[in-house]
Amino acid sequence: MNTSAFFDILVDWNFWGNFQTELEKRKSYLSKIKDLFSHRTALTIHGIRRSGKSSLIHLYLQDLFENKSLDIKNSLIIKLEDPRFTNQLIAQDLHQLFEIYLQNLAPTDPIIILDEVQNVTGWERFVRYLLEAKNLRVIVTGSSSKLLGQEIATVLTGRHVDIEVFPLSLKEMLEFRAIAYDSNVQVAKSKIAIKRVFDDYFQWGGFPEVSLSESNERKRELLFRYFDDIIFKDLVKRFNINEVHKLEQMANILITNVATLQSFNRLKTQIDISLDTIERFVHYFEIVRMFFFIKKYEYSIGKQIRSVHKIYLIDNGFYYAKGFRFTENIGRLAENLVATELFKRRLEFPQLELYYWRDFQQREVDFVVKHGATVQQLIQVCWDISDPRTLKREVNNLLRASQDINCDNLLVITEDFEDLKEYDMNSVTRRIRFVPLWKWMLE
């Protein structure tokens, strides 16, 4: 491509050119960027496709412009998924784009943003050049945790900080709609409005564009497109996968079995592919953040590695959009929502680790929440506790796990029941807190 064509692309994606946007602020992420970002350091922002990474960068720049701490010409956004980049980009193309920007804008101390950088071969060398030779601030976004974690760490040792972006949380959706939730009084006053937003969130998930769409058909259309883009752009294209049908089949099986234990050997039989391929696909799904797999809590690391994994989906919306019957698995989808919320909380608590607990009698607790070396909480999701037998089983499992792991912070997440109850087991009294899911997500 020639210089003029490159410059036309830059003009369309930069605030000093034709680009304009109106966005809702995501306060927690903006605060994190402000705390971490500095000169000679690359800020890497990764997360699943369409989770709002690009919008977050635009919000951050707009905030700097409004505060007069950055001149508009001192920002360069290179949108690397622009379809006008007809060929596979290489590091030399990034150098050319950067030089075109310097010649036309004459900036001083600019911030350079490389958006969806996984599309460029050798981008790491260009980033290192900006940091070491030019002493600039650099932001890199991508839809791969591997790309912006393991790989960049090798090239930019000690010179990058990392933020993972998730789809919206319930708190963020309430903030988008100006619904207050910061105190018990506000929650009580806004309870009906909060639960209405929660019901929509439970079903359609938190992808920003989906959540802001009024039509259910539009929501479903967007989620279908996201699913296909993840499969074909983030997986098939990037990892040169030939077994495309098998990959789609596996994704659908995992979605239908959300919040259940998954044996890789069983998947191998269902899909009729090798165990190596199953493990490879699982790894790819984790890289693009479509699914999360958690291990059984064991004192032995070796046993943890060999344990059967439990599968969680990044966003409930995919389940509904794929046409599966929502009400039949509402309890498992509630558990999935708890899992994704716990994963999001790792933004504030990076040392947080998640496991499930299961004993030799197949009694199970959904989540063991570990922080550093300490198990901080045991969480059981029991959506409908109206059946006394169900309640007794779930409580007994929680008490057994409490005894086994020696953790007294016990929580049962329900649809709408709230209470604090005491239970005796082996002459030891333990308290269990019951809280509705929507209210727990606001804590």
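Below are the figures for this structure:
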| quantity | calculated |
| --- | --- |
| Among (1) over 24 Å from residue 234 (Cα atoms); (2) more than 25 Å from the chain's Cα centre (by Cα); (3) surrounded by 15 or more Cβ atoms within 10 Å (Cβ to Cβ) - the single one residue 59 does not satisfy | (2) |
| Which listed residue is within 20 Å of residue 200 (Cα to Cα), modelled with pLDDT of 90 or more and not β-branched (Val, Ile, Thr), from 280, 325, 225, 289 | 225 |
| Cβ-Cβ under 6 Å pairs, at least 6 apart or on other chains, segment 346-359 side under 25 Å from residue 395 (Cβ atoms) and at pLDDT 85 or above, far side part of a loop (DSSP other than H, G, I, E, B) and not polar (S, T, N, Q) | 355/297; 357/297 |
| Residue within segment 64-78 that is at pLDDT 95 or above, in a loop (DSSP other than H, G, I, E, B) and touching a strand residue (DSSP E or B) at 6+ places or on another chain (Cβ under 8 Å) present | yes |
| Residue list for segment 229-238, restricted to those being surrounded by 15 or more Cβ atoms within 10 Å (Cβ to Cβ) and either over 19 Å from the mean Cα position of the chain (by Cα) or hydrophobic (A, V, I, L, M, F, W, C) (or both) | 230, 231, 232, 235, 236, 238 |
| Those residues of segment 417-443 which are surrounded by 14 or more Cβ atoms within 10 Å (Cβ to Cβ) and among the acidic types (Asp, Glu), in sequence order | none |
| Options 215, 169, 190, 211; residue that is in contact with a Lys or Arg (Cβ under 6 Å, 6 or more places away or on another chain), among the polar types (S, T, N, Q) and under 23 Å from residue 24 (Cα atoms) | 169 |
| Of all residues in segment 390-415 being touching a residue at least 24 places away in the same chain (Cβ under 8 Å), of a type in the set (A, V, I, L, M) and over 30 Å from residue 180 (Cα atoms), the one that is surrounded by the fewest Cβ atoms within 10 Å (Cβ to Cβ) | 405 |
| Residue check, residue 36 touching a strand residue (DSSP E or B) at 6+ places or on another chain (Cβ under 8 Å) and closer than 24 Å to residue 97 by Cα | no |
| Residue ID - surrounded by the most Cβ atoms within 10 Å (Cβ to Cβ), chosen from residues in segment 326-344 that are among the charged types (D, E, K, R) and closer than 20 Å to residue 262 by Cβ | 335 |
| Tally, over segment 356-400, of residues that are within 21 Å of residue 435 (Cα to Cα) and either touching a Cys at 6+ places or on another chain (Cβ under 8 Å) or not charged (D, E, K, R) (or both) | 26 |
| Residues of segment 172-187 classified as among the hydrophobic types (A, V, I, L, M, F, W, C), closer than 22 Å to residue 28 by Cα and without any contact (Cβ under 8 Å) to a residue 12 or more places away in the chain, total | 2 |
| All helices (runs of 4 or more DSSP H) inside segment 91-174 with 2 or more residues being aromatic (Phe, Trp, Tyr) and at pLDDT below 95 | 123-132 |
| Inter-residue pairs, beta-carbon under 9 Å, first without any contact (Cβ under 8 Å) to a residue 40 or more places away in the chain and in segment 416-443, second in a loop (DSSP other than H, G, I, E, B) and of a type in the set (Val, Ile, Thr), 6+ apart | 417/385 |
| Candidates 201, 226 - the one that is in a helix (DSSP H, G or I), closer than 13 Å to residue 50 by Cβ and within 19 Å of the chain's Cα centre (by Cα) | 226 |
| Exclusive hit being touching a strand residue (DSSP E or B) at 6+ places or on another chain (Cβ under 9 Å) and within 22 Å of residue 260 (Cα to Cα), set 420, 347, 378 | 378 |
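Residue by residue, here is whether (1) assigned to a helix (DSSP H, G or I); (2) touching a Gly at 6+ places or on another chain (Cβ under 7 Å); (3) at pLDDT 90 or above holds:
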position	(1), (2), (3)
8	yes, no, yes
18	no, no, yes
40	no, no, no
44	no, no, no
50	no, no, yes
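Each row is one residue, and each column tells you yes or no for (1) crowded, with 19+ Cβ neighbours inside 10 Å; (2) modelled with pLDDT under 95; (3) assigned to a helix (DSSP H, G or I).
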residue: 250; (1), (2), (3): yes, no, yes
residue: 269; (1), (2), (3): no, yes, yes
residue: 293; (1), (2), (3): no, yes, no
residue: 302; (1), (2), (3): no, yes, yes
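The values are calculated or read from the model by the stated rules, or taken from the named source; none is laboratory data. Note that the coordinates shown come from a computational prediction; the quantities given were computed from them, not determined experimentally. A quick note on method: Cβ atoms are made from the backbone with ideal geometry, for glycine too, and the neighbour counts reach across all protein chains shown.
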